[in-house]
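Data first, discussion second: the structure below is written as structure tokens.
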Amino acid sequence: MIFKRKIYEKLILWKKDTNGAKALFIEGARRIGKTTIVEEFARKEYKSYIMIDFNDAGEAVKDAFQNYLQDLDTFFMILSTEYKTTLYPRESILIFDEIQQFPKARQSIKRLVKDGRFDYVETGSLVSIRENVQDITIPSEERKIKMYPMDFEEFCWAMEEDSMAEYIRKCFADAVPLTDQFHRKAMLLYRQYLVVGGMPQSVAAYLENNRSFQRADEEKRDILALYRDDIMKIQAKYQSRVLSIFDQIPAFLSQHEKRVILSDIETGASFSKFNDTFFWLDNSMIANECFNCTDPNIGLSLNEDRTYLKCYMGDTGLLVSHAFTEAEIETEDLYRQLILGRLSINEGMIFENAVMQALVCNGYIPFFYTHYDHEKHRNDMEIDFLITNKSKTKYKIYPIEVKSAERYSITSLSKFCDKFKHRIGQAYVIDTKNYRKKDDIVYLPAYMTMCL
């Protein structure tokens, strides 16, 4: 199945704005649908295209990159012959898929773009990992964008609930709740999204098999196995640490503070020792990192504490399959409990992961905040996420608390708002209830996170 994706509009904009002056470089985790959407774009928007998958490109193709870049007439003749495709100047596009498998092709972009005959799109995963770029010069003729798993709005489109997505956005813009009936429907749709996730293969399996959570789960477990295989291919000495962190993400998130506790992995471990580990997980886009901000002020990253972090899965559906075994899901009927809002454990980590995923998809770099009370010897303030409006002149921060339970307190958020009131643009609580506003705090139903 080919799904409607928001990145398609960015592809259109790139083609219009650059007119061949820059290649487009799309980076993302494995199995998020990069190849599918790029090929769909090429098929619809160009007279012809060549898709070179460097996972299985033939020797003649690789030889062309090695030996004929100085003679582009011959270079393009070889590609046209190999792929049985006629190329038309300014009407054809070449797609370099899984380019991390053949870095020489990425380096060739400078010469190919300068030639100006065709457009170029590069796609890949693990493309920023040091071992994949250490022997090449990164071309400046690239426009880079990141692609993520399907967000909730894209999931609505896949479920043929376009009108629901539009209604949610309208209610957010108008600062009004949905009708009770539509709120219940939206939450049911959102809970399906939490379970199925945003990996296109999982969504397709769900839809093509009469909304089977089991078939979606099978696809997700295949993807998790693929990620583990990628980790096992790491040549560097930190391979085992990456695997340890990856395997324990659900365990970390199931704790109250949801932080990474290195002592649970290795006795006497320090964060300096794990720098490469977290670099790999972040750049692979398998996981999303969130660091502590010690002073919520202009430029959150200027006050980040990189020894104090949370590590979320890049896709919430993958987290659900990662957190529970197949036997647990079948015997405990966990999917049904989550859909009906009756999961007694771990629901908080699922909702918080989904909020983090939505914020990252919307272009934010979220931080979190904790304050330690030395007299009480404990943290007396914990804010799940901090984002900013990125303004240089009217800089504001937006604290976000995530609540999955029906009953809860917002003591930390109230204290935070009192302490930093002049810096705050708006405080949010994200929960399972309908839209409302009370005491200057906006309460958003979880499905509205996509609107932030």
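What to note about this one:
- Accessible area per residue was computed with a 1.4 Å probe on protein heavy atoms; MET232 scores about 100 Å².
- Under 12 Å, Cβ to Cβ, from LYS258 - net charge with Lys/Arg +1 and Asp/Glu -1: -2
- Computed about the Cα centre, the dipole magnitude for the stretch 25-96 is approximately 340 debye when only Lys and Arg (+1) and Asp and Glu (-1) carry charge, each at its Cβ.
- Gained length - GLU45 relative to MET1, 0.36 nm times residue gap less alpha-carbon distance: 13.9 nm
- Each residue of the stretch 236-243 is assigned a 3J(HN,Hα), and the resulting list reads 6, 5, 8, 3, 5, 6, 4, 4 Hz, derived from the Karplus form 6.51 cos²θ - 1.76 cosθ + 1.60 (θ = phi - 60°), x at Gly and Pro.
- Surface accessible to a 1.4 Å probe, GLU326 within the full protein complex, Å²: 100
- The stretch 215-255: translational diffusion in µm²/s, Stokes-Einstein, Kirkwood Rh over Cα pairs, 20 °C, 1.002 mPa s: 190
- Counting Cα-Cα pairs of the stretch 166-249 in 10 Å increments starting at 0 gives whole-percent bin shares of 16, 28, 25, 20, 10, 1.
- Entry comment: accessible area of the stretch 91-220 is 43 Å² per residue, from protein heavy atoms only and a probe of 1.4 Å.
- Proximity of backbone amide H atoms, modeled 1.01 Å from N, is registered between PHE25 and GLU122, ARG143, LYS144, ILE145 at under 5 Å, excluding neighbours fewer than 5 places apart on the same chain.
- Taking only protein heavy atoms and a 1.4 Å probe, the accessible area of the stretch 76-198 is 50% carbon and sulfur.
- The stretch 156-198: C-alpha pair distances exceeding 14 Å, %: 49
- Percent RCO, i.e. relative contact order, over the chain, from Cα pairs under 8 Å lying at least 6 residues apart: 13
- FRET efficiency for ASP295 and ARG111, using Cβ-Cβ distance with R0 set to 41 Å, rounded to 0.05: 0.30
- Where the Cα pairs of the chain fall when distances are cut into 10 Å bins, in %: 4, 19, 28, 26, 16, 6, 1, 0
- Note on the stretch 265-321: Rg/Rh from Cα positions, Kirkwood definition for Rh, rounded to two decimals, is 1.03.
- Annotation for HIS371 and ASN55: the two label points, set 7 Å from Cα along the Cα-Cβ direction, are 5.0 nm apart.
- Under a 5 Å amide H cut-off, with hydrogens placed 1.01 Å from N, ALA287 pairs with GLY314 among residues at least 5 apart or on other chains.
- Net charge contributed by nearby residues that have their C-beta within less than 15 Å of TYR372 (K/R +1, D/E -1): -2
- Convex hull volume per residue for the stretch 323-413, taking Cα atoms only, in Å³: 152
- Per-residue packing, averaged as other Cβ atoms within 10 Å, sorts the ranges 206-216, 188-198, 439-449 into the order 188-198, 439-449, 206-216, beginning with the highest.
- Carbon/sulfur fraction of accessible area - the stretch 261-346, other protein chains in place, 1.4 Å, %: 45
- Phi-based couplings in Hz for the stretch 220-230 (Karplus 6.51, -1.76, 1.60; Gly and Pro marked x): 5, 5, 5, 5, 4, 5, 5, 4, 5, 4, 4
- Cβ charges +1 (Lys, Arg) and -1 (Asp, Glu), total dipole of the stretch 371-419, debye: 380
- Cβ-Cβ distance of PHE279 and TYR88, R₀ of 51 Å, FRET efficiency by 1/(1 + (r/R0)^6): the value works out to about 0.75.
- Full extension of the chain segment joining LYS233 with PHE271 gains 11.4 nm, where the gain is 0.36 nm per residue of separation less the Cα-Cα distance.
- Cα centroid separation, the stretch 1-34 to the stretch 216-292: 28 Å.
- Distance histogram for the stretch 60-183 (every C-alpha pair counted, 5 angstrom bins, percent rounded to whole numbers): 2, 8, 15, 17, 12, 9, 7, 8, 8, 6, 5, 3, 1, 0
- Dipole check for the chain: with +1 at the C-beta of Lys and Arg, -1 at the C-beta of Asp and Glu, and the Cα centre as origin, the magnitude is about 1400 Debye.
The values are calculated or read from the model by the stated rules, or taken from the named source; none is laboratory data. If you're wondering where the values come from, they're calculated on a predicted model, not measured in any experiment. Note: ideal-geometry Cβ built from the backbone for every residue, glycine included; neighbour counts use all protein chains shown. These accessible areas exclude ligands, DNA and RNA; they are computed on the full protein's heavy atoms, side chains included. Shrake-Rupley method; radii C 1.70, N 1.55, O 1.52, S 1.80 Å.
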